[in-house]
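Structure, as structure tokens:
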Amino acid sequence: MGTIYDYSMDDITGKPISLEAYAGKVVLIVNTASQCGFTPQYKGLEAVYQNYKDKGFVILGFPCNQFGSQEKGSEGEIQEFCELNFGVTFPLFSKIEVNGKNEAPLYGYLKSSAPGLLGSKRIKWNFTKFLVGKNGSVIKRYGPTTKPEQIESDIQAALKA
């Protein structure tokens, strides 16, 4: 089945990053948007990141404009918005698609590894989260309504594993 380490993605500046760079870390992957009802989760994500980043944890944010056109800006605008409004310091990547014929292969892997409710392999909305263990395999999928702080016990368990 593979791991997230099999994928390379462009960071928010367009530089290719092999996800192998995160080997040995617990990773939370989130599809994000700047104009969504869940956008305030950026604050919670950043707080969780600050709590655990020195313990081997990282959050990877993937902006996506597929849901209600809620991420219309350029990569530079997205980065500036996240930094100014929410103090985001965790890594952000270039805008991607998470469903359909143009979906990022990473998201095909994530959805196959952890289908949603009733086995759905579609991402329903912005701020769907995937927790990935130190070995690069998906541990669990969380819906958009799951707040970052609700995932902390799972993060702690993954860091101890």
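Worth a mention:
- Condition met for residue 111 (on the phi < 0 side of the Ramachandran plot, in contact with a helix residue (DSSP H, G or I) (Cβ under 7 Å, 6 or more places away or on another chain) and of a type outside the set (Phe, Trp, Tyr)): no
- Pairs meeting the criteria (first residue in the range 5-25 and among the acidic types (Asp, Glu), second residue surrounded by 15 or more Cβ atoms within 10 Å (Cβ to Cβ) and part of a strand (DSSP E or B), beta carbons under 6 Å, at least 6 apart or on different chains) are 11/17; 11/93.
For every residue, the table says whether it meets (1) out of contact with any Pro (no Cβ under 8 Å at 6 or more places or on another chain); (2) part of a strand (DSSP E or B); (3) among the hydrophobic types (A, V, I, L, M, F, W, C).
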| position | (1), (2), (3) |
| --- | --- |
| 10 | no, yes, no |
| 30 | yes, yes, yes |
| 38 | no, no, yes |
| 42 | yes, no, no |
| 51 | yes, no, no |
| 62 | yes, yes, yes |
| 77 | yes, no, no |
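- Within the range 93-112, the set of residues being in a strand (DSSP E or B) and crowded, with 21+ Cβ neighbours inside 10 Å comprises 93 only.
- All positions within the range 18-54 that are buried (at least 18 other Cβ atoms within 10 Å of the Cβ), modelled with pLDDT of 95 or more and among the aliphatic types (A, V, I, L, M): 19, 26, 27, 28, 29, 30, 45, 48
- Annotation note: Cβ proximity below 8 Å between a residue of the range 74-88 that is closer than 18 Å to residue 44 by Cα and a residue that is buried (at least 17 other Cβ atoms within 10 Å of the Cβ) and modelled with pLDDT under 90 (sequence gap 6+ or interchain) occurs for 78/34; 78/71; 81/34; 82/34; 88/82.
- Residue check for residue 67: in contact (Cβ under 8 Å) with a residue 24 or more places away in the chain, of a type in the set (Phe, Trp, Tyr) and not in a helix (DSSP H, G or I): yes
- Checked against the criterion of being surrounded by fewer than 19 Cβ atoms within 10 Å (Cβ to Cβ), within 16 Å of residue 25 (Cβ to Cβ) and not basic (Lys, Arg), the candidates 137, 120 yield just one match: 137.
- Taken across the range 84-92, residues that are of a type in the set (Ser, Thr, Tyr), more than 21 Å from residue 145 (Cβ to Cβ), assigned to a loop (DSSP other than H, G, I, E, B) and touching an Asp or Glu at 6+ places or on another chain (Cβ under 6 Å) do not occur at all.
The values are calculated or read from the model by the stated rules, or taken from the named source; none is laboratory data. Quantities reported herein were computed from a predicted structural model and do not represent experimental measurements. No Cβ is skipped: glycine too gets one built from the backbone with ideal geometry, and neighbour counts run over all protein chains shown.
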